[in-house]
1. Somewhere in segment 237-249, is a residue assigned to a loop (DSSP other than H, G, I, E, B), touching a Ser or Thr at 6+ places or on another chain (Cβ under 7 Å) and within 28 Å of residue 64 (Cβ to Cβ)?
2. Of the residues in segment 127-142, how many are more than 18 Å from residue 100 (Cα to Cα) and crowded, with 20+ Cβ neighbours inside 10 Å?
3. Among the candidates 162, 81, which residue alone is surrounded by 14 or more Cβ atoms within 10 Å (Cβ to Cβ), closer than 25 Å to residue 243 by Cβ and of a type in the set (A, V, I, L, M, F, W, C)?
4. Could you grab me the full set of residues in segment 211-250 that are under 18 Å from residue 156 (Cα atoms), surrounded by fewer than 18 Cβ atoms within 10 Å (Cβ to Cβ) and without any contact (Cβ under 8 Å) to a residue 40 or more places away in the chain?
5. How about segment 22-61: which of its residues are near the ligand (Cβ under 10 Å from one of its atoms) and assigned to a strand (DSSP E or B)?
6. For segment 242-282, which positions are hydroxyl-bearing (Ser, Thr, Tyr) and closer than 23 Å to residue 185 by Cα?
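Rule-based calculations on the coordinates, nothing more; no lab input. What you are looking at is a predicted structure, and each value in this text was computed from that prediction instead of being measured. Using ideal geometry, Cβ is built from the backbone for each residue, glycine included, and neighbour counts are taken over all protein chains shown.
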Amino acid sequence: MRIYKSATSIAQYVHNRKQEKHSVGFAPTMGALHEGHMSLIALSRKKCNRTVSSIFVNPTQFNDKSDLKKYPRTLDKDRKMLSRAKCDALFYPTVKEIYPEKVDTSVDVDFGTLTTVLEGEFRPGHFAGVAQVVKRLLDIVQPDKLFMGQKDFQQFTIIQHMINELNIPTQLVVCPIIREKDGLAMSSRNVRLEPHFRKHAPKIFKTLKQTKKESKTNTVGKLQKAAMKSLSTEGMRPEYFRIVDGYTLQPVRSLSKTKYAVACTAVWAGDVRLIDNIILKK
Ligand code: AMP
């Protein structure tokens, strides 16, 4: 696997592949890779001739600076995992490379309420940072396809909106959530879980599944209340549990009248914040 640190060198690599009429898939990450990330690489390899990944811990999307500091960094292991998964190229830029003083990296898109609900409510400014870094990465890499996980449901909804609004010629492909055997959604943050919380964190997926099971017979209000209660155990603290429209992310009043419904949650397990979701209906 080739490693590129500069924007011009990765851009040249992709340009050359396209000259050879090869399609290029791209899976951006913040590193501390796990099987969830690897599933994006695997799908990209299936759908494209060449696969590029990036590792960049983006400072502009961290509303909590201590979270940025604590974010796990495991480059050597990541590199080996990507090589083993037969990723063709890794873009590993510095902050200066992504945000040079002379380049305007702001994103001029009206996201409406997409960026202010759910995660946006509790992590102000987070999605402005996500949109900024993804736009910048797409400008540099210019892939044919972009691979992102359903794990970050709101993130890909926002990125799809940005791609549509700016007519970016990249197709977004969403990959299913990869989980540990006990159901916990894989996340780079899981390594920071204390043993007590690691043991009880699978309750999040259990609650989501239970919600889905009861969604045909219960009201949205009752489902959300029961889920919040179920998640408030063993010292875990749910920040929200909401059933929303999968397109607009607005609260759903009646499941029978909604075509696409998703239950999204964020839960504090000690000082680690975990997010997860389940599609109730599509
Ligand atoms: P991150 O490194 O956390 O920014 O994630 C990079 C990409 O991997 C994003 O598109 C995530 O949605 C995706 N991802 C993270 N965890 C998982 C998972 N458990 N299953 C599938 N995709 C994931």
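1. yes
2. Total meeting the criteria: 1.
3. Testing whether each residue is surrounded by 14 or more Cβ atoms within 10 Å (Cβ to Cβ), closer than 25 Å to residue 243 by Cβ and of a type in the set (A, V, I, L, M, F, W, C) leaves just 162.
4. Once the filter is applied, which keeps residues that are under 18 Å from residue 156 (Cα atoms), surrounded by fewer than 18 Cβ atoms within 10 Å (Cβ to Cβ) and without any contact (Cβ under 8 Å) to a residue 40 or more places away in the chain, segment 211-250 yields only 245.
5. Correct list: 27, 28, 29, 53, 54, 55.
6. 247, 260, 265
Residue by residue, here is whether (1) closer than 25 Å to residue 89 by Cα; (2) in contact with a Lys or Arg (Cβ under 7 Å, 6 or more places away or on another chain); (3) within 15 Å of the ligand (Cβ to nearest atom) holds:
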site	(1), (2), (3)
137	yes, no, yes
151	yes, no, yes
157	no, no, yes
163	yes, no, yes
179	no, no, yes
202	no, no, yes
213	no, no, no
